[in-house]
Amino acid sequence: MKIDLFVDIVCPWCRIGKQHLFQAMEQWTGEPVEVNIHAYQLDPSMPTEGMKLSKYFEKFGSPGMVKQMTDRVCEAGEQCGLHFDFNHVDHMPNTLRSHQLIKVAPPELKLAVLDGLYDAYFTKALDVYNLDVLLDVAEQAGMDREAARASLEAGQGVEEVKKDLSFAREVGIQGVPFFIINDKYALSGAQPVEAFLDAFDKIAAQSS
């Protein structure tokens, strides 16, 4: 079974949805599941230098409404073993370079890089557009630091990121996380573990 997972690095529900997916995969006793990570940008117009998170959050309403929203994220994260620290995250970065790093990572390290990026942003409040931050993530995930630097500075992976973004637009993906299973079944949002297991069962039954 193949799952194409569209995520953005600054999307907390993408982190939670990805966690739920992998918790479901641990319980799944059917055929092996292959997960491919694809780029999506919540705000493609984000300037290279990013912006203050408080400024970005203005579109979601009053500070009280924003706090309710982030509290809900933190609670959902705790329930699946993830920590979010919105008390210190104060920057909304451009995520293009983060997605580029995932693209240039070896296949066996892409998920580790994704998890490292989530941790850097949501728990350490680091700017995941900053080159040194990205190289730290790459190194901690098992990549060669200088090779990663050379790849990023040479622009490797950028075209692959753009292809993902273009595909997402073409098929009408308007929010993430978004899951495409076996190229024809779709799930949207941070689905609970049970929803993934139910989908796996139904797809396996149809395949047989």
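If the limit is 23 Å between Cα atoms, which of Lys52/Lys163; Lys18/Lys103; Lys67/Lys162; Lys59/Lys110; Lys67/Lys124; Lys2/Lys110 go over it?
From the list (Lys52/Lys163; Lys18/Lys103; Lys67/Lys162; Lys59/Lys110; Lys67/Lys124; Lys2/Lys110), the Cα-Cα distance tops 23 Å for Lys52/Lys163; Lys67/Lys162; Lys59/Lys110.
Have a look at segment 104-208 and give its Rg and Dmax from the Cα atoms, expressed in angstrom.
Cα-based Rg and Dmax for segment 104-208 come out at 16.9, 49 Å.
Taking 0.36 nm per residue of sequence separation and subtracting the Cα-Cα distance, how much length would be gained by fully extending the chain between Glu31 and Glu146, in nm to one decimal?
Details: separation 115, 0.36 × 115 = 41.40 nm, distance 3.77 nm.
Length gained between Glu31 and Glu146: 37.6 nm.
What Kirkwood hydrodynamic radius, in Å, does segment 25-128 give when the mean of 1/r is taken over all pairs of distinct Cα atoms and then inverted? Display every interim value, and only then the final one.
On the way: mean 1/r = 0.0640 Å⁻¹.
One over the average 1/r among Cα pairs gives 15.6 Å for segment 25-128.
For segment 139-184, count all C-alpha to C-alpha pairs, find those more than 18 Å apart, and express that count as a whole percent of the total. Write down the numbers at each step before the final one.
On the way: 524 of 1035 pairs.
So the portion of pairs separated by more than 18 Å is 51 percent.
Using a ≥ b ≥ c from the Cα gyration tensor of segment 1-84 (square roots of the eigenvalues), is it rounded, prolate or oblate, where a/c under 1.5 gives rounded and otherwise the larger of a/b and b/c decides, a/b for prolate? Could the numbers behind the result be given before it?
Details: a/c = 3.70, a/b = 1.62, b/c = 2.28.
In terms of gyration-tensor shape, oblate.
If you place +1 on the Cβ of every Lys and Arg, -1 on the Cβ of every Asp and Glu, and leave all else neutral, what size is the dipole of segment 1-137 about its Cα centre, to the nearest 20 Debye? Working shown, then result.
On the way: 12 positive and 19 negative charges, 67 e Å.
It works out to roughly 320 debye.
Leaving out ligands, DNA and RNA, and with a 1.4 Å probe, what % of the accessible surface on segment 134-208 is carbon or sulfur?
Values: 1960 of 4230 Å².
With neighbouring chains kept in place, the figure for segment 134-208 is 46 percent.
Dipole of segment 157-208, Cα-centred, from +1 at each Lys and Arg C-beta and -1 at each Asp and Glu C-beta, to the nearest 20 debye? Mind showing how you got there, number by number?
Values: 5 positive and 8 negative charges, 28 e Å.
Charge dipole, segment 157-208, about its Cα centre: 140 debye, nearest 20.
For the chain, what does -39500 (n - 2.57) per DSSP helix run (n ≥ 4), summed and divided by total residues, give at 222 nm, in deg cm²/dmol to the nearest 500?
Details: 9 runs with 109 residues, N = 208.
The helix contribution divided over the chain gives -16500 deg cm²/dmol.
Which GluC sites (Glu not before Pro) from segment 32-79 combine a DSSP loop assignment with at most 13 other Cβ atoms within 10 Å? Display every interim value, and only then the final one.
Values: sites: Glu34, Glu49, Glu58, Glu75, Glu78; in loops: Glu49.
Qualifying residues, ordered by number: Glu49.
Mind checking the dipole of segment 28-97: about its Cα centre, +1 per Lys or Arg Cβ, -1 per Asp or Glu Cβ, Debye to the nearest 20? Before the final figure, lay out the partial values.
Numbers: 6 positive and 10 negative charges, 68 e Å.
Using only the charged Cβ atoms, the result is roughly 320 debye.
Which one of Thr29, Tyr40, Gln68 is farthest out on the positive end of the charge dipole of segment 26-89, using unit charges on Cβ (Lys, Arg +1; Asp, Glu -1) and the Cα centre as origin?
Gln68
What residue among Met69, Met25, Met92 has the largest mean-square fluctuation in a Gaussian network model of the chain, using Cα springs under 10 Å?
Checking each option, the largest mean-square fluctuation is seen for Met69.
Counting just the Cα atoms, what span does segment 80-161 cover along each of its three principal axes? Round to the nearest Å and put the largest first.
Each principal axis gives a Cα extent; for segment 80-161 these are 35, 23, 21 Å.
Can you bin every Cα-Cα distance in segment 125-164 into 10 Å intervals starting at zero and give me the percent of pairs per bin, rounded to whole numbers?
Binned Cα distances yield the sequence 29, 52, 19.
Can you tell me the FRET efficiency between His83 and Lys52 if r is taken as the Cβ-Cβ distance and R0 is 22 Å, rounded to the nearest 0.05? Display every interim value, and only then the final one.
Values: r = 23 Å, r/R0 = 1.03.
The computed FRET efficiency comes out at 0.45.
What's the Cα-based Rg to Rh of the chain, Rh via Kirkwood? Numbers along the way, then the final one.
Values: Rg = 17.0 Å, Rh = 17.7 Å.
With Rg and the Kirkwood Rh in hand, the quotient comes to 0.96.
The values are calculated or read from the model by the stated rules, or taken from the named source; none is laboratory data. These numbers come from a predicted model, not from an experiment. When we count neighbours, we look across all protein chains shown, and the Cβ atoms used for this are built from the backbone with ideal geometry, even at glycine. Note: accessible area is taken over every heavy atom of the protein model, side chains too, but ligands, DNA and RNA are not part of it. Shrake-Rupley method; radii C 1.70, N 1.55, O 1.52, S 1.80 Å.
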